C-alpha cells in the first residue's frame, strides 16, 4: 500500500514538473532564424494592429453558459435587442397563444463572467388590453424567479456537457 502511494506521489511530482516546463520554453516566434529577412509582407503584418480573437468567449463579456441558456430559454419570444458585451437581452412584446388581450416582455441582465445565481437578473413585464389601450399590469414575481431558475438549470447543463466533451 505504501509503495502505491509513493509511486502515485512520484508520478504527481513529475507531472507537475512537466507542466511547469511548458511555461519555461521561450517564445521563438519573434526571432530571426536562418537569415530570415524582413520582406514587405512581414512588415505589413507587424504594422497591422492585433485583431481580437474570433472565439465565443472573446466576444462575450459575460458568462457564455448563462448567455446561451438565456437565449435558449427565450427562443419562443421575439428579440428586440441582445447585447453580448453588456449582457442584456430584451424581448419584444408578445401575446401567448389563446390569450390575445395580454402581452409579455422579458429583460435578462447578466452581470459577471461567473456562473452563479447572483450573476443573473430576469424581469417579466405584463400588459393587458383594456378598451383598445394597452395598460401595464402588475406581474407575479414568481414568473421572474422561475425564469431565472430555468436559465440557471440550462446553463448548468451546458457547462456539464462542455466539461464532458473535453
Need at least 1 residues that are within 17 Å of residue 149 (Cα to Cα) per element, so show me which strands (runs of 3 or more DSSP E) inside segment 55-137 make the cut, counting only ones lying wholly within it.
88-91, 102-110, 120-130
Some residue of segment 128-135 being surrounded by fewer than 13 Cβ atoms within 10 Å (Cβ to Cβ), touching a strand residue (DSSP E or B) at 6+ places or on another chain (Cβ under 8 Å) and within 17 Å of residue 95 (Cα to Cα):
yes
Among the numbered criteria (1) outside any strand (DSSP E or B); (2) in contact with a strand residue (DSSP E or B) (Cβ under 6 Å, 6 or more places away or on another chain), which one does residue 152 miss?
(2)
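Read-outs: derived from the displayed coordinates by stated rules, not from any lab. Note that the structure is predicted; figures quoted are calculated from it, not measured. So basically every Cβ, Gly included, is an ideal-geometry build from the backbone, and we count neighbours across all protein chains shown.
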